[in-house]
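Before any comments, here is the structure.
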Amino acid sequence: MGIQIEKATQTRFDSIDWKNLGFGRYFSDHMFISFYRDGKWDDGKIVPYGPICFEPSMMTLHYGQTIFEGLKAYYDVNGGVNLFRPEMNAKRMQSSAERLCIPPFDVEKFIEAIIELIKLDHKFVPKVKGESLYIRPVCFGSSCFLGVHPSQEYTFIIITSPVASYYPEGLNPVKILIEDQFVRVVRGGLGMAKTAANYAASLYAGQRAKEKGFSQVLWLDGIHHEFVDEVGAMNIMFVIDDILITPPLTQGTILPGVTRDSVLHLARQMGIKVQERSIKIQEVLEAYERGTLQEVFGTGTAATISPVGKLYYRDKELIINNNQIGPIAQKMYDTLTGLQHGIIKDTYNWIIHIDV
Ligand code: COI
């Protein structure tokens, strides 16, 4: 038996400014919701998108036991809709769940719920290249209790949102501040989990950087402020001396990005030299001085591929590739979006196609 569906009686479609989607402002007609009670997840159901009701003592409001995911549905140029590697998101949500003491949600169920939602709300998938239906699963402790321990009950919800690019710059290069005072995560902390705490920790420095005209900050390691971690909304990649370098997952301080993994896979296949290794900010500065820092770009589901045109470190400005997108970032963007929109044949088994 499929997922039980309660259809919306009114559509939100006409209230959306389709020419100015922005990111995360609009929501489609339905959402999936499932509850964990008495030691098990229920079957879940699809209901009209709308407010949910909780008591003020709900634990996640106080102690932040919450995790989320981000993936996208893309229109396929040959008809239908494509999901990109949803299994990776489902599995990453399970590992975030483990770190936050949340009972894992089943991988097949996660994908099935998304497919059913997309079938129902496929008209919300934008038909413009570079736009998509962003899918946001979120799971949180929903017992009502004030002692500090893992919740007994949980709520899992999937909502969807038609979006354009995450940064207003689109594929134009962004300006990033290298943060050398505040920290987002430390080794042994929550950096590898997609949990609200990491984003809460980033807000203050991010806000200060915005006031100074930066898109975001690049985080350094939480102890020495020496090694590069990530940008928060995206992983970071450098091209130095024709080698694509990105921080490793082994320190547990960065998110194992789906786009990060896909770019590394594609790069290796394209014959680009790849190094997943710790990289000091000093090495980046020295490469810039030598003229061997060719490209910097971010990778993320929301951000897709986001070239970095200007990096600021203390009183130093680094202008990367004349503030233009570089050839590797461009190639990655074209290949990824080509696969996602069905323009390039998927030989990787990354796409789940949905007939609508
Ligand atoms: C994503 O890339 O999906 C993210 O979750 C980043 C950001 C919107 C929080």
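The values are calculated or read from the model by the stated rules, or taken from the named source; none is laboratory data. Here the structure is a predicted model, which means the values were calculated and not measured. Reconstructed Cβ throughout: ideal geometry from the backbone, glycine too, with neighbour counts over all protein chains shown. Ligands, DNA and RNA are excluded from the accessible area calculation, which covers all protein heavy atoms including side chains. Shrake-Rupley method; radii C 1.70, N 1.55, O 1.52, S 1.80 Å.
Inside the range 193-229, can you point out the residues that are among the charged types (D, E, K, R), farther than 11 Å from Glu179 by Cα and in contact with a strand residue (DSSP E or B) (Cβ under 9 Å, 6 or more places away or on another chain)?
Selection gives Lys194, Lys210, Lys212.
Given the criterion open to solvent by less than 10 Å² (accessible area, probe 1.4 Å), more than 15 Å from the ligand (Cβ to nearest atom) and over 25 Å from Gly206 (Cβ atoms), identify the matching residue among Gly141, Gly147.
Just one listed residue meets the conditions, Gly141.
So which residues in the range 206-239 are open to solvent by 10 Å² or more (accessible area, probe 1.4 Å), away from the ligand (no atom under 15 Å from the Cβ) and hydrophobic (A, V, I, L, M, F, W, C), if there are any at all?
Answer for the range 206-239, where residues must be open to solvent by 10 Å² or more (accessible area, probe 1.4 Å), away from the ligand (no atom under 15 Å from the Cβ) and hydrophobic (A, V, I, L, M, F, W, C): Phe214, Ile223, Phe227.
What's the number of the only condition in (1) more than 16 Å from the ligand (Cβ to nearest atom); (2) open to solvent by 40 Å² or more (accessible area, probe 1.4 Å) that Asp29 fails to meet?
Result: Asp29 passes all but (2).
For the range 79-92, which residues satisfy the criterion of being in contact with a strand residue (DSSP E or B) (Cβ under 8 Å, 6 or more places away or on another chain) and either open to solvent by 10 Å² or more (accessible area, probe 1.4 Å) or more than 14 Å from the ligand (Cβ to nearest atom) (or both)?
Of everything in the range 79-92, those that are in contact with a strand residue (DSSP E or B) (Cβ under 8 Å, 6 or more places away or on another chain) and either open to solvent by 10 Å² or more (accessible area, probe 1.4 Å) or more than 14 Å from the ligand (Cβ to nearest atom) (or both) turn out to be Gly80, Val81, Asn82, Phe84, Arg85.
In this structure, is Ala200 farther than 22 Å from Asp315 by Cα, within 15 Å of the ligand (Cβ to nearest atom) and surrounded by fewer than 17 Cβ atoms within 10 Å (Cβ to Cβ)?
Here the answer is yes, as Ala200 does meet what is asked.
Just checking: which of the helices (runs of 4 or more DSSP H) contained wholly in the range 190-306 hold 3 or more residues that are among the hydroxyl-bearing types (Ser, Thr, Tyr), over 24 Å from Tyr74 (Cβ atoms) and at pLDDT 95 or above? Explain how you work it out, then say what you get.
Values: elements: 196-211, 258-269, 281-290.
Qualifying helices (runs of 4 or more DSSP H): 196-211.
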